[in-house]
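Chemist: If you scroll down you'll find the structure; I have some questions about it.
Just so you know, all these numbers are worked out from the coordinates, no wet-lab data involved. Owing to the predicted nature of the structure, the values given are computational and were not obtained by experimental measurement. For neighbour counting, all protein chains shown are included, and Cβ atoms are generated from backbone atoms with ideal geometry for every residue, glycine included.
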Amino acid sequence: MTAFLRARFEWVLAAALILVPALGAPVWAQPKDVVLNGDAACMVCHQYLEAQYPILAIGKTKHGTRADKRTPTCTSCHGESDTHINIPQGVSERPKPERMFGKGSMTPAPERDEACLSCHKGGKQIHWLGSTHAARDISCTSCHQIHTGRDKVRDKRTQPEVCLGCHKDKRTQIMRPSRHPILEGKVACSDCHNPHGSAGPTMMVRDSVNDTCYQCHMEKRGPFVHNHQPVTEDCGICHNPHGTINYAMLKLRSPFLCQQCHEPTGHRGTVASFATNSVPANTVARGCLNCHTNIHGSNNPIDAGNARTFRR
Ligand code: HEC
Ligand code: HEC
Ligand code: HEC
Ligand code: HEC
Ligand code: HEC
Ligand code: HEC
Ligand code: HEC
Ligand code: HEC
Ligand code: HEC
Ligand code: HEC
């Protein structure tokens, strides 16, 4: 629209309405809802503005399930916006609605989120107000798109695009040789993190890093007859789940990984070449793991000695 027509939008609308009586009930007498319950107050104009401001796709989302009385109408999110609907006398340009969400919105993040939280303050969003994201003025609509049938952040294949837009350092990590299949859409950031905040550390979906990993790696939970202390403590001590250059997403290769905690020279017994300096024998291939094969814990009830040292 030209600037002139935009300022005089009612003229365009009136022109459109003149054509309507021929087709049925006059629109001005009884405006009809178009996609949401109670949207007529806005749609009386906006159904003719779809080309500039595409919004109708909201009808294809769960917010558009008109049989569900809990769903929002335009004003639940954008505010009553009286001055936007009826330009006050003496004002030449149409004031914006009360709440704006798109790029360049002047509405502060907490005020934008208030609209969403009026309906979504439980469930997965229950920890939102204490979350790192909320604390950093990230808003619901920094991630969610509302007027589209395809909300990128909720599709596992496109979700990384949204997160990596801000978490740029993770982009290189998830492309390293040893990684979770995140780019393939098989594992999502949100399988491990609740972006709405959580009771666990680092917005983990469960109460601890380990409980988060056990969702998919059940066999590492045990219970084992012989536990390896760092494994029960935090998988992240040895693994970086975003990706590493070492196999099995290990932060370091063995023996260096192990020697962060175990004395390199203190190996008990008489294994060849261990008495003097363990490094040469251990740097071969999987190093310590050639012998200590059950590093996450052992259940072998027969040979207690082997089991205790995670060799069977
Ligand atoms: C009387 C006609 C009319 C009604 C009723 C109306 N709008 Fe608008 N709206 C417009 C026009 C015209 C524009 C384009 C403004 C412009 O280009 O400056 C617009 C633009 C907008 C924008 C985009 C503003 C921007 O600057 O990007 C939003 C959001 C909006 N309307 C929401 C609503 C909501 C929500 C309602 C119902 C509460 C509503 N409108 C009711 C005419 C109307
Ligand atoms: C659940 C909250 C919500 C509801 C309900 C909602 N909107 Fe929006 N609206 C948004 C958000 C968020 C944006 C920012 C763009 C986006 O996320 O798609 C937006 C953007 C807009 C825009 C600007 C579009 C653009 O391209 O700049 C207009 C106009 C608009 N909404 C009008 C409406 C109208 C009219 C209704 C009722 C039919 C409505 N909205 C219902 C949240 C909502
Ligand atoms: C008036 C209440 C209301 C408001 C306000 C509201 N929603 Fe919703 N929302 C709902 C309902 C009801 C559903 C459907 C829930 C269901 O089916 O379990 C829903 C569903 C959703 C879904 C899931 C959609 C799907 O396809 O599964 C998302 C994401 C969402 N809302 C985000 C938002 C955001 C972001 C805002 C603020 C911009 C917002 N909502 C505002 C009521 C609301
Ligand atoms: C950092 C990105 C991000 C932010 C910010 C965000 N969400 Fe989400 N949201 C997601 C992702 C990813 C999913 C899908 C994975 C899941 O269900 O946990 C999702 C799912 C949802 C769902 C559907 C699943 C459900 O039943 O809860 C709703 C509703 C929702 N978000 C509402 C909100 C509201 C309200 C806010 C703001 C208070 C918000 N989101 C902020 C990323 C985000
Ligand atoms: C609009 C930018 C933005 C988007 C999009 C975004 N984040 Fe964040 N996220 C941040 C900021 C800012 C922080 C604060 C940490 C910092 O200072 O780097 C943060 C922190 C985090 C943290 C650390 C939390 C903590 O308590 O230490 C995790 C985990 C996280 N985001 C996951 C995600 C995931 C998963 C997504 C996508 C679903 C996502 N983020 C999308 C901006 C964003
Ligand atoms: C397989 C589980 C898993 C997946 C998938 C995952 N993360 Fe993480 N993430 C973690 C763990 C574990 C930590 C460290 C938590 C701790 O030590 O408290 C972490 C930490 C973070 C942090 C904060 C610390 C830091 O390293 O900056 C951010 C931000 C983050 N992840 C973003 C993401 C993003 C974005 C994605 C998707 C591209 C993602 N994560 C996918 C498990 C995962
Ligand atoms: C949503 C499910 C899921 C969660 C949660 C999950 N993983 Fe995984 N993990 C996978 C999948 C899928 C693979 C790839 C298996 C394959 O390629 O055969 C994998 C592979 C691995 C591998 C082996 C990689 C290799 O190169 O052999 C390690 C190590 C690993 N995950 C650690 C973790 C840790 C640590 C956590 C918790 C922070 C975690 N995973 C959480 C699904 C998950
Ligand atoms: C003490 C260091 C250490 C800790 C802590 C640790 N791992 Fe491992 N993990 C390893 C090593 C070393 C390998 C490679 C094993 C091999 O080559 O036989 C490995 C391999 C894996 C693999 C791929 C091969 C397999 O055995 O399935 C998965 C999956 C895995 N770890 C998950 C986990 C999970 C989940 C946790 C937390 C419960 C965890 N790890 C804690 C050292 C550790
Ligand atoms: C973060 C520190 C840490 C890392 C890394 C670590 N361990 Fe351990 N490990 C321990 C602790 C603590 C114990 C328990 C010691 C005890 O009970 O006296 C232990 C126990 C063991 C035992 C059994 C000792 C016994 O006397 O029963 C073996 C074998 C072992 N670790 C091998 C390894 C190997 C191989 C690696 C590398 C893949 C490794 N550890 C990495 C901390 C670590
Ligand atoms: C050639 C096989 C082999 C290799 C390689 C090996 N170990 Fe062992 N390790 C053993 C045997 C056998 C025992 C049991 C000795 C005993 O019971 O007297 C053992 C015992 C241990 C113990 C129990 C406590 C102790 O010191 O006796 C730890 C810890 C340990 N190894 C760590 C490591 C680390 C770390 C590496 C890599 C730097 C490594 N091992 C490489 C065979 C090996």
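Chemist: At 0.36 nm per residue, minus the direct Cα-Cα distance, what do GLN173 and GLN30 gain on full extension? Give it in nm, one decimal, please.
Modeler: Gain on extension, GLN173 to GLN30, equals 45.8 nm.
Chemist: A further question on this structure: Strictly over 19 Å apart at the Cα level, which of LYS170/LYS251; LYS124/LYS186; LYS62/LYS124; LYS32/LYS96; LYS62/LYS152 would you flag in this model?
Modeler: Where the Cα-Cα span goes over 19 Å, the pairs concerned are LYS124/LYS186; LYS32/LYS96.
Chemist: In addition: Evaluate the distance, in nm, between pseudo-label points positioned 7 Å from the Cα of GLU111 and of ARG70 along their respective Cα→Cβ axes.
Modeler: 2.8
Chemist: Which of the aspartates and glutamates could be linked to LYS220 by a straight reach, that is with a Cα gap under 14 Å, when you skip same-chain ones fewer than 8 residues away?
Modeler: ASP211, GLU233, ASP234
Chemist: Full extension from ILE138 to ARG157: what is 0.36 nm times the residue separation minus their Cα-Cα distance, to one decimal in nm?
Modeler: Contour length minus the Cα-Cα distance gives 4.6 nm.
Chemist: Give me the net charge for the shell around ASP137: Cβ to Cβ below 14 angstrom, other residues only, Lys and Arg +1, Asp and Glu -1.
Modeler: -1
Chemist: Where a Cα-Cα gap under 16 Å defines reach, which aspartates and glutamates qualify for LYS121, not counting those fewer than 8 residues away within the same chain?
Modeler: Excluding near neighbours in sequence, the set is GLU111, ASP113.
Chemist: For region 189-250, what is the Kirkwood hydrodynamic radius in Å, using each pair of distinct C-alpha atoms?
Modeler: Taking the inverse mean of 1/r over all distinct Cα pairs, region 189-250 comes out at 12.4 Å.
Chemist: In Å³ and rounded to a whole number, note down the convex hull volume per residue for the Cα atoms of region 62-203.
Modeler: 139
Chemist: Say each of GLN52 and LYS96 gets a label point 7 Å from the Cα, pointing the same way as Cα to Cβ; how far apart are those two points in nm?
Modeler: Result: 1.5 nm between the two label points.
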